[in-house]
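**Student:** If you scroll down you'll find the structure; I have some questions about it.
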Amino acid sequence: MDEAARIFREHGITDFFVDIGGDVYAGGKNCAGRPWRIGVRDPRDRAKIIDVVEVSDRAVVTSGNYEKYLVIQGEQWSHIFDPRTGYPQKDVVSATVIAEMAIDADAMATALCVLGSGDGTAYIDSLPEPFASLIIIRQKSGAIQQFPSRHYGTYQRGGKLP
């Protein structure tokens, strides 16, 4: 995505949208001259949007265990491993990161799946404003809980896409 953005800009194209498997980079403004609106999927139902963010010249990348996983003896195992334990992470179902570079957002989203809401959100909060995150954790009851970083609200627009 970053290379596509570089090529567009190199050719004078400043307003563009790159979508690679749901991870996006939004350059400039949309056709209405406003920041791009990006839906954050509900990890319980991929057809639903749980939140909406508005961005310009930012990547919005999500990692999690709700799309890529393996079921062994009836138990779901994430494709993201915690290097501290050698086992797949279990707590975070979704981690969305907003950053200026897609490569940074992608690496951080995966890392937040391992770090969890406490350490992960604290890490993102230690970074300057362009970085923001939303970590979603499934509770034992099956309910989900959202953990936005300090700067997430500057991008958040809520509601559903029109």
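The values are calculated or read from the model by the stated rules, or taken from the named source; none is laboratory data. Nothing here was measured: the structure is a model prediction, and the numbers come from that model. All Cβ positions, glycine included, derive from the backbone under ideal geometry; neighbour counts span all protein chains shown.
**Student:** What's the number of the only condition in (1) buried (at least 21 other Cβ atoms within 10 Å of the Cβ); (2) hydroxyl-bearing (S, T, Y); (3) without any contact (Cβ under 8 Å) to a residue 24 or more places away in the chain that T62 fails to meet?
**Tutor:** The one condition T62 does not meet is (3).
**Student:** Hey, among the residues in the stretch 1-18 that are in a helix (DSSP H, G or I) and surrounded by 15 or more Cβ atoms within 10 Å (Cβ to Cβ), which one's nearest to the chain's Cα centre (by Cα)?
**Tutor:** The residue in question is D2.
**Student:** Restricting attention to the stretch 65-79, does a residue exist that is in a loop (DSSP other than H, G, I, E, B), within 26 Å of R34 (Cα to Cα) and either touching a strand residue (DSSP E or B) at 6+ places or on another chain (Cβ under 8 Å) or aliphatic (A, V, I, L, M) (or both)?
**Tutor:** no
**Student:** Among the residues of the stretch 19-51, count how many are of a type in the set (A, V, I, L, M) and surrounded by 18 or more Cβ atoms within 10 Å (Cβ to Cβ).
**Tutor:** So the count comes out to 5.
**Student:** Kindly indicate whether any position in the stretch 129-137 is in a strand (DSSP E or B), over 21 Å from G21 (Cβ atoms) and among the acidic types (D, E).
**Tutor:** Looking through the stretch 129-137, none of the residues is in a strand (DSSP E or B), over 21 Å from G21 (Cβ atoms) and among the acidic types (D, E).
**Student:** Which numbered condition in (1) of a type outside the set (V, I, T); (2) farther than 20 Å from Q145 by Cα; (3) out of contact with any Pro (no Cβ under 8 Å at 6 or more places or on another chain); (4) surrounded by 13 or more Cβ atoms within 10 Å (Cβ to Cβ) is the only one that K68 fails?
**Tutor:** (4)
**Student:** Out of all the residues in the stretch 17-41, which are farther than 15 Å from Q156 by Cβ, of a type in the set (V, I, T) and in contact with a strand residue (DSSP E or B) (Cβ under 8 Å, 6 or more places away or on another chain)?
**Tutor:** Across the stretch 17-41, the qualifying residues are V18, V24.
**Student:** State all residues of the stretch 24-61 that are out of contact with any Leu (no Cβ under 9 Å at 6 or more places or on another chain), in a strand (DSSP E or B) and under 21 Å from D91 (Cβ atoms); if no residue qualifies, say none.
**Tutor:** Once the filter is applied, which keeps residues that are out of contact with any Leu (no Cβ under 9 Å at 6 or more places or on another chain), in a strand (DSSP E or B) and under 21 Å from D91 (Cβ atoms), the stretch 24-61 yields R41, D42, D45, R46, V61.
**Student:** If you check T121 against the conditions, is it touching a Ser or Thr at 6+ places or on another chain (Cβ under 6 Å), within 23 Å of R46 (Cβ to Cβ), of a type in the set (S, T, N, Q) and modelled with pLDDT of 90 or more? Walk me through how you get there before you give the answer.
**Tutor:** Numbers: touching a Ser or Thr at 6+ places or on another chain (Cβ under 6 Å): yes; within 23 Å of R46 (Cβ to Cβ): no; of a type in the set (S, T, N, Q): yes; modelled with pLDDT of 90 or more: yes.
Here the answer is no, as T121 does not meet what is asked.
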